[in-house]
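A short worksheet on the structure shown next.
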Amino acid sequence: TQLLEQSPQFLSIQEGENLTVYCNSSSVFSSLQWYRQEPGEGPVLLVTVVTGGEVKKLKRLTFQFGDARKDSSLHITAAQPGDTGLYLCASRSGNTPLVFGKGTRLSVIA
Amino acid sequence: DAGVTQSPTHLIKTRGQQVTLRCSPKSGHDTVSWYQQALGQGPQFIFQYYEEEERQRGNFPDRFSGHQFPNYSSELNVNALLLGDSALYLCASSLVGTGNVFFGSGTRLTVV
């Protein structure tokens with residue numbers, strides 16, 4: 001089973017700051033997904049990356065997939081309190097179920 | 001179009017009791033997966049149902065069982081509850097052959 005390590009575990013920043021969170025594995029990802037989970041809710045899919053070196057942007061969020069497909073990062077520009085939540089990366093291989101990391105808990109303070 | 005719905009939203013049970021959680025998948029979806037999310041952890045896969053059969057199973061004991069009905073809805077049953085079973089139980093639905101998975105808001109189970 002592929003293990004996903006996310007860092008940092010916790011992050012508390014002021015509104016307007018930039019931040020980057022990471023997802024790493026010793027194995028190659030076939031694809032990787034990023035989710036955001038707010039308190040009392042289920043995870044919501046933000047993006048899926050498939051190709052090594054791929055960069056995807058979603059408003060102020062930039063997702064990057066490593067060239068070797070063993071790591072990924074999520075960068076948030078000018079963070080807002082609405083970005084607060086648990087950011088999870090998840091991977092699957094073929095028809096296997098999603099395997100999640102433990103997540104990065106982000107708190108953006110106004 | 002309703003998304004994935006789960007019931008109940010919260011539940012408190014005593015050690016040794018049994019519990020049943022319910023999930024209705026997103027319209028058009030035929031596959032239901034269940035995850036357990038302990039406090040401070042990412043979701044862990046319990047099992048997946050497709051065509052009313054358990055297709056894949058994670059590393060969970062036989063106390064965890066499930067069922068899928070002809071209308072694709074699903075139940076998760078946990079017997080002989082332990083304190084460590086306290087968690088958020090998430091249901092996720094998808095359409096076989098596609099990659100997008102949609103999660104419900106979960107059932108928060110507390111075992112006392």
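The values are calculated or read from the model by the stated rules, or taken from the named source; none is laboratory data. Quick caveat: nothing in here was measured; it's all calculated off a predicted structure. Here the Cβ is made from the backbone with ideal geometry for all residues, glycine too, and neighbour counts use every protein chain on show. SASA here: full protein model, heavy atoms, side chains in, ligands and nucleic acids out. Shrake-Rupley method; radii C 1.70, N 1.55, O 1.52, S 1.80 Å.
If only residues of the stretch B:4-20 that are within 13 Å of another protein chain (Cβ to nearest Cβ) and part of a strand (DSSP E or B) are counted, the one that is nearest to residue A:39 (Cα to Cα) is B:10. A residue that is without any contact (Cβ under 8 Å) to a residue 40 or more places away in the chain and under 12 Å from the mean Cα position of the chain (by Cα) occurs nowhere in the stretch B:22-40. Hey, among the residues in the stretch B:94-110 that are buried (at least 20 other Cβ atoms within 10 Å of the Cβ) and modelled with pLDDT under 95, which one's nearest to the other protein chains (Cβ to nearest Cβ)? Checking each candidate, the answer is B:101.
Would you check if residue B:53 is of a type in the set (D, E, K, R), farther than 26 Å from residue A:38 by Cα and open to solvent by 30 Å² or more (accessible area, probe 1.4 Å)?
The answer is yes for residue B:53.
Where residues in the stretch B:43-80 are within 14 Å of another protein chain (Cβ to nearest Cβ) and basic (Lys, Arg), which of them is nearest to the chain's Cα centre (by Cα)? That would be B:57. Would you call residue B:28 touching a Leu at 6+ places or on another chain (Cβ under 8 Å), modelled with pLDDT of 95 or more and under 22 Å from residue A:92 (Cβ atoms)? Spelling it out, it is not the case that residue B:28 is touching a Leu at 6+ places or on another chain (Cβ under 8 Å), modelled with pLDDT of 95 or more and under 22 Å from residue A:92 (Cβ atoms).
Of the residues making up the stretch A:44-56, those that are under 16 Å from residue A:22 (Cα atoms) and either free of Cβ contacts under 8 Å to residues at least 12 places away in the same chain or under 13 Å from the mean Cα position of the chain (by Cα) (or both) are A:46, A:47, A:48, A:49, A:54, A:55, A:56.
Residues in the stretch A:66-89 that are closer than 11 Å to residue A:32 by Cα, surrounded by 20 or more Cβ atoms within 10 Å (Cβ to Cβ) and at pLDDT 95 or above: A:72, A:88, A:89.
Take the conditions touching a residue at least 12 places away in the same chain (Cβ under 8 Å), surrounded by 16 or more Cβ atoms within 10 Å (Cβ to Cβ), within 14 Å of chain B (Cβ to nearest Cβ) and out of contact with any Phe, Trp or Tyr (no Cβ under 6 Å at 6 or more places or on another chain) and apply them to residue A:9. Does it pass? When the stated conditions are applied, residue A:9 does not pass them.
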